[in-house]
Amino acid sequence: MTSAAAALPSGSSTSPPRAPIAVIGLWHLGCVTAACLAQAGSDVLGIDTDAYVVGELEHGRPPISEPGLSELLAANTARMRFSSDARLLAQARQAWITFDTPVDDDDRADVDVVLDSSAELLAHLPDGALVIVSSQLPVGSVARLQARCAAIRGEHRALRFACVPENLRLGNALECFRAPERIVAGVRCEQDRRELAALLAPFSTDVQWMRVESAEMTKHALNSFLATSVAFINEVASICEAVGADAAEVARGLKSEQRIGPHAYLNPGDAFAGGTLARDITFLRALAERASLPAHVLTGVADSNVAHRQWTRRTLLKLLGSNERMHAGQLVAIWGLTYKPGTDTLRRSSAIELCEWLIDAGCAVRAHDPAVSTLPPALAEQLELCPAPLAAAADADALVVCTPWPAYRDVPAEQLVHALRQPLVIDPAGSLRTGIGAHPCVRYVCVGTPPVAPSFENAHAPRVPVRAESTLG
């Protein structure tokens, strides 16, 4: 990467230097934003108060794993520089706030740390510059940031503010940014709309324009709707287990309904984790409480998800434990530790929580994850991280598929059967159902599957029995 002191490219030796777009906050959202803006032709100034993160980026090493991100950064070094010197923001024409908002174990976001850091850095921005906020913050945060900046800068040095809610998906973030289905954008005036439209044009012209507060609220409503869908289908799946229905077939029937559609978030599986969906549920519940309004649906979704997070533990206790406890000394294999495929993020991972629960119960745990090469020190002392899936499964009493990495579908079922002490596979998302799950010797359990389930593509296809077990009595 070019050094922080180097000038950005001017485009020609005679033209004046172009003012860069500043990207403030260089974790996942910021790195993706900076790289995609540079690829689209903008000169980018990346700012972060963490000098280590900046130093790594100067050598082409992003702080988080995202497919294709390192390559995109390397391909656009001429248009990018990174620094922790906020004074360089005086050169910028626009600033894009991309801090990742910290979330605690109760899904409560530390909003003030983002607002305080942003306001302090934006003090160096030229008067009248446009600030685009994409960090995940509760509705009203843009107005709060604007007020804080005014208090620091003075009313005569005002900035303009817009909101483009983050819409990335870990593991597919570059395509989400470069080719979105649509962009939600909140602005305060026509001038801001024209300026922001020009900035967004390389990525999409399908922009849903609205007021700033509506854009902030749209993000909450979208994630909360997705969370509601996940909680709903998982509750339906639990009932399916009890009555002999197959939740995967029910989900297929729902998606064939025109008013629902094939892309609905209706896939029976694990509880949602990682904090993103839960954060917006928490935002909306807090906003409702502040306005003395009921939030019965949102509260129900949160409670349902918390209850469903125990599905894998209940299943292990039923099939391997007794008296609501696991047997000490049992060996459990875990495939997948990250909270979803396509990332190396372990924060808020339900797989890590399961490993800790098993270890506390006296079980031995071996794990494999294609994106994880080292573990947090405290966990590394108790959990054996294996270089290959079959090595983790060797002589295990059960295999739990926590993160449905596509590579696990390539593991030969026969080799897995011979590796396990007993061929018990617990796969909440049903990701191995048509492969390993269909092996006649495998005792296979997934969310929402009855004891014996027909497996067929449509109503006219022959029924083929699949071995599976309900987790309910």
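Summary of values
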| read-out | value |
| --- | --- |
| Close pairs (6 angstrom Cβ cut-off, 6 or more residues apart or separate chains): closer than 22 Å to Leu385 by Cβ in segment 310-331, in a strand (DSSP E or B) and open to solvent by 30 Å² or more (accessible area, probe 1.4 Å) anywhere | Leu331/Ala364 |
| Ser42, sole failed condition from (1) in contact (Cβ under 8 Å) with a residue 12 or more places away in the chain; (2) farther than 17 Å from Arg18 by Cβ; (3) in contact with a helix residue (DSSP H, G or I) (Cβ under 8 Å, 6 or more places away or on another chain); (4) not aromatic (Phe, Trp, Tyr) | (2) |
| Residue pairs meeting the criteria (Cβ under 6 Å; at least 6 apart or on separate chains; first within 19 Å of Tyr339 (Cβ to Cβ) and open to solvent by less than 70 Å² (accessible area, probe 1.4 Å), in segment 405-416; second among the hydrophobic types (A, V, I, L, M, F, W, C) and not in a helix (DSSP H, G or I)) | Tyr408/Trp335 |
| Entirely in segment 90-199, the strands (runs of 3 or more DSSP E) that have 2 or more residues that are under 19 Å from Leu26 (Cβ atoms) and either of a type in the set (Ser, Thr, Tyr) or open to solvent by less than 20 Å² (accessible area, probe 1.4 Å) (or both) | 94-97, 130-133 |
| Unmet criterion (only one of (1) closer than 30 Å to Cys31 by Cα; (2) open to solvent by 20 Å² or more (accessible area, probe 1.4 Å)) for Asn223 | (2) |
| Residues (more than 30 Å from Thr282 (Cα to Cα), among the aliphatic types (A, V, I, L, M) and touching a Ser or Thr at 6+ places or on another chain (Cβ under 6 Å)) located in segment 48-105 | Ala51, Val54 |
| Options Gly269, Gly261: the member that is open to solvent by less than 40 Å² (accessible area, probe 1.4 Å), part of a loop (DSSP other than H, G, I, E, B), closer than 30 Å to Arg421 by Cβ and not β-branched (Val, Ile, Thr) | Gly269 |
| Hits in segment 63-74 (condition: closer than 16 Å to Asn172 by Cα, within 17 Å of the chain's Cα centre (by Cα) and open to solvent by less than 60 Å² (accessible area, probe 1.4 Å)) | Ile64, Ser65, Glu66, Gly68, Leu69 |
| Arg347 being in contact (Cβ under 8 Å) with a residue 40 or more places away in the chain and either of a type in the set (Phe, Trp, Tyr) or surrounded by fewer than 19 Cβ atoms within 10 Å (Cβ to Cβ) (or both) | yes |
| Some residue of segment 329-349 being more than 24 Å from Pro404 (Cα to Cα) and outside any strand (DSSP E or B) | yes |
| Pick from segment 368-404, criterion part of a loop (DSSP other than H, G, I, E, B) and of a type in the set (A, V, I, L, M), ranking: surrounded by the fewest Cβ atoms within 10 Å (Cβ to Cβ) | Ala388 |
| The lone exception for Leu45 - which of (1) open to solvent by 60 Å² or more (accessible area, probe 1.4 Å); (2) more than 21 Å from Glu175 (Cα to Cα); (3) at pLDDT 90 or above; (4) more than 25 Å from the chain's Cα centre (by Cα) it fails | (1) |
| Count of segment 272-315 residues which are polar (S, T, N, Q) and either part of a loop (DSSP other than H, G, I, E, B) or farther than 19 Å from Leu337 by Cα (or both) | 6 |
| Boolean, Cys363 is out of contact with any Ser or Thr (no Cβ under 9 Å at 6 or more places or on another chain) and more than 21 Å from Gly321 (Cα to Cα) | no |
| Hits in segment 417-435 (condition: free of Cβ contacts under 8 Å to residues at least 60 places away in the same chain and closer than 24 Å to Phe272 by Cα) | Val425, Asp427, Ser431, Leu432, Thr434 |
| Filter result for the condition that a residue is out of contact with any helix residue (DSSP H, G or I) (no Cβ under 9 Å at 6 or more places or on another chain), closer than 30 Å to Ser134 by Cβ and open to solvent by less than 40 Å² (accessible area, probe 1.4 Å), over Ser229, Ser304 | Ser229 |
| Any pair with Cβ under 6 angstrom, 6 or more apart, that starts in segment 113-127 at a residue that is within 14 Å of Arg160 (Cα to Cα) and ends at one that is among the β-branched types (Val, Ile, Thr) and assigned to a helix (DSSP H, G or I) | Ala119/Ile152; Ala123/Ile152 |
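The values are calculated or read from the model by the stated rules, or taken from the named source; none is laboratory data. Predicted model, so just to flag it, every value in this text is computed and none were measured. We place every Cβ from the backbone using ideal geometry, glycine too, and count neighbours over all the protein chains shown. Protein only, heavy atoms only, side chains kept; ligands, DNA and RNA dropped before computing areas. Shrake-Rupley method; radii C 1.70, N 1.55, O 1.52, S 1.80 Å.
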